[in-house]
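Taking it in order: structure first as structure tokens, then the write-up.
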Amino acid sequence: MAKVLMKGNEAMALAAIKGGCDAFFGYPITPQNELPEYLSYHMQEHGKIFVQAESEVAAINMVYGAAGAGARVLTSSSSPGIALKQEGISYMAGSELPAVIINVMRGGPGLGSIQPSQADYNQVTRGGGNGDYHLLAYAPESIQEAVDIIKDAFRVADKYRNPVMVAIDGLIGQMMEPVDLDKPIDLDLQSKPWAADGHGAKRGKNNKILSLFLDTKDLETHNLKLKVKYDQMVSEEQRYELVQTDDAELVIVAYGSMARIARSAIAMARQKGYRVGMLRPITLWPYPVQGFEALASNVTHLLTAEMSLGQMHQDVLIANEGQRQTHWFGRTGGVVPSADELFDVIENIILKGGVA
Amino acid sequence: MSTKVVYEPTKGLTDSPLSYCPGCTHGIIHKLVGEVLEEQNLIGESIGVASVGCSVMSYEFFNCDMQQAPHGRAPAVATGIKRVKPNHTVFTYQGDGDLASIGMAEVIHAAHRSENITIIFVNNAIYGMTGGQMAPTTLIGQKTTTSPRGRSLDQGMPLRIVEMLATIPGATYLERVSVHDPKHIIKAKKAIHKAFEVQTNKQGFSLIEFISTCPIGWGMTPNDSLEWAKNTMIPYYPLGVYKDTREEREPWIKE
Ligand SMILES: Cc1ncc(C[n+]2csc(CCOP(=O)(O)OP(=O)(O)O)c2C)c(N)n1
Ligand code: SF4
């Protein structure tokens, strides 16, 4: 199929339409504005809904309402806006509603910067909302991968009746790449007999969307039911890529834009004869522990590389279970490291650390 | 001997017993809304939005599809529902802490966009559910658990919601009613009828504010509460139609 040159944010918007998105609700924030701007024009062409809400709080609650009525719904934002959406996200997880949330991450904390960052790792993987819940969270490294994930994300959200987050850093949102949006997908549109869609008469019973369980036993039962879904995600939805790990002694663990930088640094290292590879998480939650298990015994060193201060490193330590020597490299505040910089870190470990 | 049915509960409400305190007028308002849903034949196609407050369990009481909204967010939730289900009736049921405090932005902007929804707004001048704290609608001098000496001016003058919303071009129909006696109950029901008609005619945003009692929060008997609503609340919150632009309004264009 023909590839077209598109800006990341616009390509993701079009991918959502292709994924069967019925409605978008959002509030402006840099660096994701091109996404709602694109949808404000194109949703109408497809007979779909676009609403610019008064705030991220309102936007996510519109998502909650529309998802409760059975629609495929999207919102997008960036870090401080995602912080505001946490209430609605928790309600959606609690009420078992599907939706897709795109987070084009920027520097923080607070107003931070509008430059690319991965500092929302904890927010994405641990959730800022209250209660025992999880989001299925993807972190693509290219526009093509983002598009493929978003096209399929509505199906995944429907399957689990749970919100799905796609976390990308501002770099991917802002850059242009050739992308193929026409790869066929299975929309898998199923009826939603649980939806509160105003068909009580036809159905012969009322549907209720809620997350209130006043009896503690009922709430525990409900939460355990949610846990079954989360356990299923952990066993079935982990995604990762192994890059040149077969003979590697040192494996970089990096995702998103950082993984692109790692690819260049690996090429430089390989030229010098250093046996370096990469484990690239594609899902941040569930964290791809299976990728660590798949590494052979020749891998003796792990190097976490992230555009945040050790947030993902915590998960690397958990996945590693003390088996390999671990190292960490990161930049923060919207600073994007160069491949040279990462290469120096690699070389330093190798020269000092007994990697042959 | 033939029997004559003198009273039948409305089909607009379920059989679940209401959870409100004795003498609380939330129950009357529920009944009126239920009757209007039934009389306008809307029960089987409506979607109600319950809010956070004493009426949180209204999803058990209204006999239609229901969604429970986070505190204050009901107008946004209703917006989301209505946009994807434009031919179904969508209403919210909200207290004054919910709507006039934490949810102020959501109600103003739903009115501003003239969302084709109906809001049932219950003003009892207090936070009932959390134990009787001060609300934006609490009257000057009124004692609550967080204004123990009586609300003073430095805690703000009580907010008049329908008056404020009346300044918003998108608001189509706004009326304040009371349910403290049978005469006013009849009037209140007429107002609810109008509000749902506005929605059915796709004429945009409608909201009915109810002066309601909270005997528990106010620390009064049910009878004294009705008197207080009549003699103390209504003078500050005058009843009446505050906005009616039905004549001017083209059917809602957003579908
Ligand atoms: C985000 C959030 N903040 C606070 C609360 C606690 N809360 C529950 S009900 C309520 C006040 C409700 O008062 P009102 O809307 O006046 O309704 P009433 O109970 O008087 O009918 C509050 C503050 C909550 N549930 N969620
Ligand atoms: S606390 Fe007040 S508002 Fe709540 S049910 Fe009791 S009387 Fe009604």
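The values are calculated or read from the model by the stated rules, or taken from the named source; none is laboratory data. What you are looking at is a predicted structure, and each value in this text was computed from that prediction instead of being measured. Backbone-built Cβ (ideal geometry, glycine too); neighbour counts: all protein chains shown. The accessibility values were calculated without ligands, DNA or RNA, using every heavy atom of the protein model including side chains. Shrake-Rupley method; radii C 1.70, N 1.55, O 1.52, S 1.80 Å.
With the convex hull constructed from alpha-carbon coordinates only, the range A:240-351 shows a mean projected area of 6.1 nm² over all directions. Which aspartates and glutamates have a Cα less than 13 Å from the Cα of A:LYS85, not counting those fewer than 8 places away in the same chain? The reachable aspartates and glutamates, counting only those whose Cα sits under 13 Å from A:LYS85, are A:GLU54, A:GLU56.
When +1 charges are put on Lys and Arg Cβ atoms and -1 charges on Asp and Glu Cβ atoms, the dipole computed for chain A relative to its Cα centre reaches about 520 debye.
Seen from B:ILE161, the other residues with C-beta closer than 14 Å to its C-beta sum to a net charge of -3, counting Lys and Arg as +1 and Asp and Glu as -1. Pairs of Lys residues in the range B:26-247 that lie 8 or more places apart, or on two chains, and have C-alpha atoms under 14 angstrom apart add up to 8. For chain A, with the dipole built from +1 on Lys and Arg beta-carbon atoms and -1 on Asp and Glu ones, taken about the Cα centre, which of A:GLY81, A:TYR64, A:SER264 lies farthest toward the positive end? Toward the positive end, the furthest listed residue is A:TYR64.
For A:LYS217, the lysines whose Cα comes closer than 23 Å to its Cα, not counting residues fewer than 8 places off in the same chain, are A:LYS208, A:LYS225, A:LYS227, A:LYS229.
Computed over neighbours whose Cβ is under 12 Å from that of B:TYR127, the net charge equals -2, Lys and Arg +1, Asp and Glu -1. Computed over the protein assembly as shown, the alpha-carbon pair-distance distribution with 20 angstrom bins reads 20, 45, 26, 9, 1, 0, each value a whole percent.
Tally Lys/Arg at +1 and Asp/Glu at -1 over every other residue whose Cβ is under 10 Å from the Cβ of A:ALA262; what's the total?
Local net charge: +2.
Nonpolar atom fraction for the protein assembly as shown, defined as the carbon and sulfur part of the 1.4 Å probe accessible area, stands at 54 percent. Placing unit charges on the Cβ atoms only, positive for Lys and Arg and negative for Asp and Glu, gives chain B a dipole magnitude near 260 debye about its Cα centre. Remark: mean inter-chain Cβ contacts per residue of A:204-213 equal 6, using a 10 Å Cβ-Cβ cutoff to other protein chain atoms.
Across the alpha-carbon atoms of chain A, the computed radius of gyration and Dmax are 20.8, 73 angstrom. Partner lysines whose Cα lies under 23 Å from the Cα of A:LYS352, excluding those fewer than 8 positions away in the same chain, are identified as A:LYS272. Comparing B:SER19, A:PRO31, B:TYR237 along the charge dipole axis of the protein assembly as shown, the residue lying farthest to the positive side is B:TYR237, per the Cβ-charge model. Taking B:THR172, B:THR14, B:THR138 as the candidate residues, the one with maximal mean-square fluctuation in a Gaussian network model of chain B, Cα springs under 10 Å, is B:THR14.
Taking the DSSP bridge list for the range B:108-235 and keeping only pairs wholly inside it, about 15 percent are antiparallel. Each of B:PRO169, B:GLY204, B:GLY53 was placed along the dipole of the range B:26-247 (beta-carbon charges, centred on the mean Cα), and the one lying farthest toward the positive end is B:PRO169. Pairing chain B with chain A buries about 2500 Å² of accessible area. This figure sums both sides and uses a 1.4 Å probe.
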